[in-house]
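First up is the structure itself, then whatever we jot down about it.
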Amino acid sequence: MATRVTDTKVGRKEGTRIGGGPRFPGPNGKGPSGNGKGGEHDERGRRFSPATYRITMWVVLAAVVMMFAALSSAYIILSSGGQSRPVAMPRMFFLSTGVILLSSLSFEKAKRSLKQGAQIKYLRWIWLTLLLGLAFLAAQLTGWRELAAEGVYFASHPHSSFFYFFTGVHGVHLIGGILGLFYLILRLKRRKELLVSERTITAAEVVALYWHAMDGLWLWLFLLLLVWK
Amino acid sequence: MAVEAHESVHRHEPPKGFIRKYIFSLDHKVIGIQYILLALIAVVVGMAMSLLMRLNLSWPGTSWPVLETLFPGGAPGGVMNPEFYLSLVTMHGTMMVFFVLTTAPQGGFGNYFLPIQIGAEDMAFPFLNMMSFWVTFVGFVVLLSAIFFSGAESTIGPIGGWTGYAPLSALGQIAGPGQGMGMNLWVISIAIFCVGSLLGALNFITTLLNMRTRGMSLMRMPLTCWAWFTTAVLALLSFPVLLGGGILLLLDRVAHTSFFIPAGLYVSGVLSGTQESFPLHTGGSPILWQHLFWFFGHPEVYIAILPGMGATSHILSTFARKPVFGYRAMVFAIFAIGLLGFFVWGHHMFISGMSPYSAMTFSILTLSIGVPSAVKTFNWLGTLWGGKIRFTTPMLFALGFVSLFVAGGITGLVLGQTSLDLPMHDTYFVLAHFHLVMGVASIFGMFAATYFWFPKMFGRFMNEPLGKIHFWITFVGVYCIFVPMHTMGMVGMPRRFAQFTEYEFLKTLHPLVMFVSIAAIITILAQLLFYANLVWSLFRGRRAEDNPWEATTLEWTTATPPPHDNFAGLLPTVYRGPYEFAVPGAPNDYVMQTEPGSEVTSGDGHEGHRH
Amino acid sequence: MGRVLAVIIWILTLGSVALFTTRKWWFPTAISEHAAALDRQFLITIIVVGIAFTAAQIGLGYTLWRYRDDASRPRATYTHGSSRLEVIWTIITAVVFIGLAVMGQSVWASLHFNQAPAGAYQVEAVAQQFQWNFHYAGKDGVFGRTDPKLIDDSTLNFVGLDEADPNARDDAVTTALAIPAGRPVEMILRSKDVIHNFWVPQLRFKQDLVPGMAIRVHFTANTPGKYELACAELCGQLHFKMRSYMLVLPEAEHRVLIALTQEQFQTRMGELLAKYQLPVSGE
């Protein structure tokens, strides 16, 4: 059955194949089941599959959501305690919420431009998103100073701790998104594609997915802090 | 076999240079071996700790001179003090649960064999895969460092148990020895481990969903793959919760927050908020820590056992020369265990002070999870029934898994009932239960996997007689160690007691305590046989062919050891299910997954036209 | 090899079952009201467990014995399973397991789903590293006010009793517990520092004491005597030494005790602890 391959240098040309039997390359190398990398190979030896990257980003988001779900439950439980004092939502957080919503819009604009092939426009929208992201972080930090000015500190009480903690942890994850934006910018500059490739679009889509999730996550945290006392 | 000329094959050359090839390797096979090596080291540390614990419990007050040299603070005059004992308890649990049971079965064997069994060249993200191992390794180093940084406190690490209940774990040094720096390092180590685990999980999930070769439908995957996949999903959804909780705990310890520390505490003569060593706390909930921890902790125990179940199904079928009985039911059972595993965490907390109504709900759900586990056991027996059983060493360990899983799992029926947990909670009955399932059955799964796959990984068999001796001593030994613990728990022996000398009602248990310790010493020593076998076989084992066990799945179709890109550039095509043994009319009593042909029905009768 | 393995499995099974059936090491004799039902539920469960365990191991051994590879058959039986069997054994298992689960709630419900009955004797337990403190309301039956700020271990005010409160004047705090026999007892469980757990094996009852919470539990002890009290939740390095005693006193003796003044109470407790003996080990 299987012929021993004793070294990796020799590419198999003819002779018995591992697995035996004829192969049926279907369209795009896909067979009736499985993803069958039996068709065209790219320079890395396998077909580019956008699905791989999209699935992975959803998987990453599942983990992120679980952590924030756990922290949200902790917040709800601890804020229901008798000793909790209500904390006024810093005005800055309203502003930052608006900013991050805008940044999601600008990212969508960027994607649209990219799909139309307008790479310069795409780059500009990405830069705008990035700046809005940084503005968001700045607003968050200012919001912290507002809290401290009101006498609400990190270690005052679990309820107040969460105002700092949620924004902090979310901010750290957002920095990940900002790094993703930098990656998209660098990628475009270095690759200098004449025609926008599927890989470039997938990269943008995947980072956008993460970015929108961070947006949605902040909305959730903001509303939670606002509504649940 | 059709000979075909086709377009030139694209190969992936292995990297050059020792560092790229063996240290910072992107090859899932090397990474798998690295995880296994890590587990092999961690388990020795864990076993040494349990040996010391048994010595202390059986011969309390004895002076062990070697301990005085190694741990002058923890064992002054060679006599272990209570905090030293408790730090052994804590580090043993942490080491074993995280760095043995959550590394080797999934990160070790899963990493090595998942891509090959589904016909892929590597994991989806080799770089992330490498990072997952090295992050885990850093976590291990940080955990070990807790041993050294706690020296002044005369412990070898924190003393909160591997469960680290707050406020004991959250208060810091004021709560006692072993609760200072060592505890900080412990939390950090676990947080790092969470990250490593998550990186691994996302690789497994994406690879399995997206990189199966042609013909490898989901229902044609070996059960090992289903187990690894479900384990990865469990890890993905549970580790973030532990990470979140761990960060909150660390903040309580270093940033003076009060997530888990309520107001008005008076610890070691100091009232909360009156001294710098004990700042003001208010509003925290100790039970919250338990919820967060066990929401992770319960799926974690299924993470520890599911890969072993997968390997057992795989190995039982191979050596019974018979298809797995009820493949589909097995898949559903794996799902059911995984899913239900998220809804039963409260059974660790019945008497914690949480709502008794919640306790009841958790209790009923807990006993429900026994159903898919029982179904799996029946199917294993069904696989063996009517078989033609070959008693090789891997088969012995797989059979041992079945026996021990039943022994350990069945007492879940007792502990899962709220009423019966009232006397049983935190006694040796619990210890017996979880050691039998995790510390023994799961380990047997790994032993079985090692003996089974060693020939494929290294091209040589492990020494069979030595393996069999290893099995016999270990199998009988673990029964002798852990079955008596049930009765100890019934008499009322509490967990985490450094000594049993203080209570009259425990005095009758002395003969059992001694029996258990003797059995433990013998069994631990017997593991040296396993290590010796590993080393010896690497160099002198009998050479193995590509498919020495006459098995059917994809790893046995490729070279031994598999080349860097697993299939020498020619990805296999799968025509059948994974356990086609004893097929009537076939020339051999096994038909490989890659064997084409239409007369013989495929594994699930669907010829790959699903998924 | 198959036959040897089968025999070894059967011997191990026999040994395991024997360890339980000899009852050489078993629960101590129970003294509480709910214990009879609890012990009965345990017995039913352990019998089901024993049967399942034994049947599985015997089945496993038999299968290995009968189907070991020998020349009698050329091949194993080719089958992928039986949906019918799957359904049957899933249903049977589910019925037995869920049945046990439901049965196993009744004692729990009786203890935890309702408040302590009216007229229950109340005593407060305050645990700390590493001793038990029991706070008695005294003759007036009213607990004196306590405040964490007033706690001072060095002056032996372990529970932070407010001496200014008139109700506190007759309160007593001791390290041992004394409760009446045959009468429901309500305990209010608190902790000063970390989580502890109240555990008396003969009582068949366990409960965590959580700092920041005052947990109310109730039970009825029927047999007078002295019983060891242990902490059953890891609380620090002397967790294993956090021992005390629970005295179950005949009604009359108890009534006399709780009417005593603070100083007399301490002395009397000492006398009672000397008077009553622990149960004989193994009982």
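Of all residues in region B:481-510, those that are more than 9 Å from every other protein chain (Cβ to nearest Cβ) and under 19 Å from C:LEU12 (Cα atoms) total 3.
Tell me, yes or no, whether region C:190-202 has at least one residue that is more than 15 Å from C:GLN128 (Cβ to Cβ), out of contact with any strand residue (DSSP E or B) (no Cβ under 6 Å at 6 or more places or on another chain) and within 10 Å of another protein chain (Cβ to nearest Cβ). Break it down into steps so the answer makes sense when it comes.
Initially, region C:190-202 is screened for residues more than 15 Å from C:GLN128 (Cβ to Cβ), giving C:199-202.
Still in the running and out of contact with any strand residue (DSSP E or B) (no Cβ under 6 Å at 6 or more places or on another chain): C:201.
Subsequent filtering for residues that are within 10 Å of another protein chain (Cβ to nearest Cβ) retains C:201.
Within region C:190-202, one or more residues are more than 15 Å from C:GLN128 (Cβ to Cβ), out of contact with any strand residue (DSSP E or B) (no Cβ under 6 Å at 6 or more places or on another chain) and within 10 Å of another protein chain (Cβ to nearest Cβ).
Residues that are farther than 18 Å from C:ALA101 by Cβ and in contact (Cβ under 8 Å) with a residue 12 or more places away in the chain: which helices (runs of 4 or more DSSP H) entirely in region B:316-423 hold 3 or more of them? So that I can check it myself, show each step before the final result.
On the way: elements: B:327-340, B:356-368, B:370-384, B:393-410, B:412-415.
Answer list for region B:316-423: B:327-340, B:370-384, B:393-410.
Among residues of region C:150-172 that are away from chain B (no Cβ under 13 Å) and farther than 15 Å from B:GLY264 by Cβ, those with a Cβ under 6 angstrom from a residue that is surrounded by 15 or more Cβ atoms within 10 Å (Cβ to Cβ) and among the charged types (D, E, K, R), sequence gap 6+ or separate chain, pair up as C:ASP165/C:ARG145; C:ALA168/C:ASP162. Consider region C:122-149 and keep the residues that are part of a loop (DSSP other than H, G, I, E, B) and within 13 Å of chain B (Cβ to nearest Cβ). The one that is surrounded by the fewest Cβ atoms within 10 Å (Cβ to Cβ) is C:ASP147.
One line per residue, one yes/no per condition, for (1) buried (at least 24 other Cβ atoms within 10 Å of the Cβ); (2) facing another protein chain (nearest Cβ under 9 Å); (3) closer than 30 Å to C:VAL200 by Cβ; (4) within 21 Å of the chain's Cα centre (by Cα):
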| residue | (1), (2), (3), (4) |
| --- | --- |
| B:ARG390 | no, yes, no, no |
| B:THR393 | yes, no, no, yes |
| B:ALA407 | yes, yes, yes, yes |
| B:LEU420 | yes, yes, yes, no |
| B:VAL430 | no, no, yes, yes |
| B:PHE444 | yes, no, no, yes |
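Considering each of C:ALA214, C:ALA221, C:ALA230 in turn, give the residue that is over 16 Å from the mean Cα position of the chain (by Cα) and among the aliphatic types (A, V, I, L, M).
Values: C:ALA221 fails: over 16 Å from the mean Cα position of the chain (by Cα); C:ALA230 fails: over 16 Å from the mean Cα position of the chain (by Cα).
Going through C:ALA214, C:ALA221, C:ALA230 in turn, the sole match is C:ALA214.
Taken together, B:GLY269, B:GLY308, B:GLY273, B:GLY341 contain a single residue that is out of contact with any Phe, Trp or Tyr (no Cβ under 9 Å at 6 or more places or on another chain) and either more than 9 Å from chain C (Cβ to nearest Cβ) or within 29 Å of B:PRO240 (Cβ to Cβ) (or both), which is B:GLY273.
Out of all the residues in region B:400-439, which are of a type in the set (A, V, I, L, M, F, W, C) and touching a strand residue (DSSP E or B) at 6+ places or on another chain (Cβ under 9 Å)? Outline the logic, then answer.
Of all residues in region B:400-439, those of a type in the set (A, V, I, L, M, F, W, C) come to B:401-402, B:404-407, B:410, B:413-415, B:420, B:422, B:424, B:429-432, B:434, B:436-438.
Hits for region B:400-439 are B:LEU422, B:MET424.
Considered as a group, the residues in region B:149-180 that are within 26 Å of the chain's Cα centre (by Cα) and of a type in the set (A, V, I, L, M, F, W, C) include one that is nearest to B:HIS92 (Cα to Cα), and that residue is B:TRP162.
B:ASN111: out of contact with any strand residue (DSSP E or B) (no Cβ under 7 Å at 6 or more places or on another chain), farther than 30 Å from B:LEU436 by Cβ and at pLDDT 95 or above, yes or no? Quick ask: steps written out before the conclusion?
On the way: out of contact with any strand residue (DSSP E or B) (no Cβ under 7 Å at 6 or more places or on another chain): yes; farther than 30 Å from B:LEU436 by Cβ: no; at pLDDT 95 or above: yes.
No, not satisfied.
Residues that are free of Cβ contacts under 8 Å to residues at least 40 places away in the same chain, over 31 Å from the mean Cα position of the chain (by Cα), farther than 30 Å from C:ASN197 by Cα and within 14 Å of chain A (Cβ to nearest Cβ) do not occur anywhere in region B:537-552. Residues in region A:64-103 that are more than 10 Å from chain B (Cβ to nearest Cβ) and crowded, with 18+ Cβ neighbours inside 10 Å: A:VAL87, A:PRO90, A:MET92, A:PHE93, A:SER96, A:THR97, A:VAL99, A:ILE100, A:SER103.
So which of A:TYR183, A:TYR122 is surrounded by 15 or more Cβ atoms within 10 Å (Cβ to Cβ), within 21 Å of A:ALA208 (Cβ to Cβ) and in contact (Cβ under 8 Å) with a residue 12 or more places away in the chain?
Numbers: A:TYR183 fails: surrounded by 15 or more Cβ atoms within 10 Å (Cβ to Cβ).
Matching residue, one of A:TYR183, A:TYR122: A:TYR122.
Of all the criteria given as (1) under 19 Å from B:VAL100 (Cα atoms); (2) buried (at least 23 other Cβ atoms within 10 Å of the Cβ); (3) more than 19 Å from the chain's Cα centre (by Cα), the one not satisfied by B:PHE193 is (3). For region C:64-87, filtered to residues that are not in a loop (DSSP other than H, G, I, E, B) and not polar (S, T, N, Q), the residue that is surrounded by the fewest Cβ atoms within 10 Å (Cβ to Cβ) is C:ARG84.
For (1) touching a Pro at 6+ places or on another chain (Cβ under 9 Å); (2) buried (at least 17 other Cβ atoms within 10 Å of the Cβ); (3) of a type in the set (Lys, Arg), each residue gets a yes or a no:
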| residue | (1), (2), (3) |
| --- | --- |
| C:CYS231 | yes, yes, no |
| C:HIS239 | yes, yes, no |
| C:GLN262 | no, no, no |
| C:THR267 | no, no, no |
| C:LEU272 | no, yes, no |
| C:PRO279 | yes, yes, no |
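For region C:203-231, a residue qualifies if it is under 20 Å from C:GLN131 (Cα atoms) and facing chain B (nearest Cβ under 7 Å), and the qualifying residues are C:PHE205, C:LYS206, C:GLN207, C:ASP208, C:VAL210, C:PRO211, C:GLY212, C:MET213, C:ILE215, C:GLU228, C:ALA230. Taking the criterion of being hydroxyl-bearing (Ser, Thr, Tyr) and surrounded by fewer than 23 Cβ atoms within 10 Å (Cβ to Cβ), the residues of region B:527-559 that qualify are B:TYR531, B:SER537.
The rows are residues; the columns are (1) in a helix (DSSP H, G or I); (2) within 7 Å of another protein chain (Cβ to nearest Cβ); (3) in contact with a Cys (Cβ under 8 Å, 6 or more places away or on another chain).
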| position | (1), (2), (3) |
| --- | --- |
| B:LEU242 | yes, no, yes |
| B:ASP252 | yes, no, no |
| B:HIS256 | no, yes, no |
| B:PHE259 | no, yes, no |
| B:THR282 | no, yes, no |
| B:LEU288 | yes, yes, no |
| B:GLY297 | yes, no, no |
| B:VAL301 | yes, no, no |
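Looking across B:VAL414, B:VAL402, B:VAL476, one residue alone is surrounded by 24 or more Cβ atoms within 10 Å (Cβ to Cβ), farther than 23 Å from B:GLY107 by Cα, of a type in the set (A, V, I, L, M, F, W, C) and within 8 Å of another protein chain (Cβ to nearest Cβ). It is B:VAL414.
Going residue by residue through region B:70-79, is there one that turns out to be on the phi < 0 side of the Ramachandran plot, crowded, with 24+ Cβ neighbours inside 10 Å and modelled with pLDDT under 95? Yes, there is a match, as at least one residue in region B:70-79 is on the phi < 0 side of the Ramachandran plot, crowded, with 24+ Cβ neighbours inside 10 Å and modelled with pLDDT under 95. Take B:MET183 and tell me if it is within 20 Å of B:MET96 (Cα to Cα), within 14 Å of chain C (Cβ to nearest Cβ), touching a residue at least 40 places away in the same chain (Cβ under 8 Å) and not charged (D, E, K, R). For B:MET183, the condition - within 20 Å of B:MET96 (Cα to Cα), within 14 Å of chain C (Cβ to nearest Cβ), touching a residue at least 40 places away in the same chain (Cβ under 8 Å) and not charged (D, E, K, R) - is met.
Filtered by the rule that a residue be within 7 Å of another protein chain (Cβ to nearest Cβ) and over 33 Å from the mean Cα position of the chain (by Cα), region C:50-78 gives C:GLY59, C:LEU60, C:THR63, C:LEU64, C:TYR67, C:ARG68, C:ASP69, C:ARG73, C:ARG75, C:ALA76, C:THR77, C:TYR78. In the set (1) more than 14 Å from every other protein chain (Cβ to nearest Cβ); (2) assigned to a loop (DSSP other than H, G, I, E, B), the condition left unmet by C:LEU234 is number (1).
The values are calculated or read from the model by the stated rules, or taken from the named source; none is laboratory data. Nothing here was measured: the structure is a model prediction, and the numbers come from that model. All Cβ positions, glycine included, derive from the backbone under ideal geometry; neighbour counts span all protein chains shown.
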